[in-house]
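The structure is given below, and queries will be raised subsequently.
What follows is calculated from the coordinates using simple rules that are stated; it is not laboratory data. Predicted, not measured: the structure shown is a model, and the values here were computed from it. A quick note on method: Cβ atoms are made from the backbone with ideal geometry, for glycine too, and the neighbour counts reach across all protein chains shown.
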Amino acid sequence: MALGQILGIMSDQMFSAQGKSPWNSEHLIDLDARLAEHEDGQPFVMGIDDAALLLEGMAFTEIMSADFPWIDMVRWTTDFVTEELRQHWTDDEWRAYSAQ
């Protein structure tokens, strides 16, 4: 559910940016559709590119929430989701992906 919320925030931003989205809209829509297929609790397999996209969305959400009274919860959630997603790839794999 948390990943769906992140994608929803990213989609809202993408559509309000009037064509100037900071994210690859096709990738975002594809990831959202694949995630929706697994809402019944079935395992969801994602690649490092999917995880990186979600982490970008989390970072964006944290920045945009800086003035809200619940910013500490947003930061905690960002840290938690980041740790959960990053653990599936090595630091070397993240560096190689970031270098692309």
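Say R0 is 22 Å: what FRET efficiency, to the nearest 0.05, do Trp76 and Gln5 get from their beta-carbon distance?
After rounding, the FRET efficiency stands at 0.90.
Still on this model: Please find the FRET efficiency linking His38 to Phe68, where r is the Cβ-Cβ separation and R0 is fixed at 35 Å, and quote it to the nearest 0.05.
Step by step, r from the Cβ atoms, then E = 0.70.
Show me, bin by bin at 10 Å from 0, the whole-percent P(r) of the chain based on Cα pairs.
The distribution over the chain is 14, 45, 36, 5, given as percents.
Note down the net charge around Ala51, summing +1 for each Lys or Arg and -1 for each Asp or Glu among other residues with Cβ under 11 Å from its Cβ.
Summing Lys/Arg as +1 and Asp/Glu as -1 gives -4.
If each residue of separation counts as 0.36 nm, what is the full-extension length gain between Met46 and Arg86 once their alpha-carbon separation is subtracted?
Full extension of this stretch gives 13.2 nm more.
Now, a different point. Just to be sure I understand the model, the point goes 7 Å from the Cα along the line to the Cβ. What's the resulting Ala59 to Arg95 distance in nm?
With each label point 7 Å from Cα toward Cβ, the separation is 1.8 nm.
Could you tally the net charge around Met73, taking each other residue with its Cβ under 15 Å from the Cβ of Met73, Lys/Arg +1 and Asp/Glu -1?
-3
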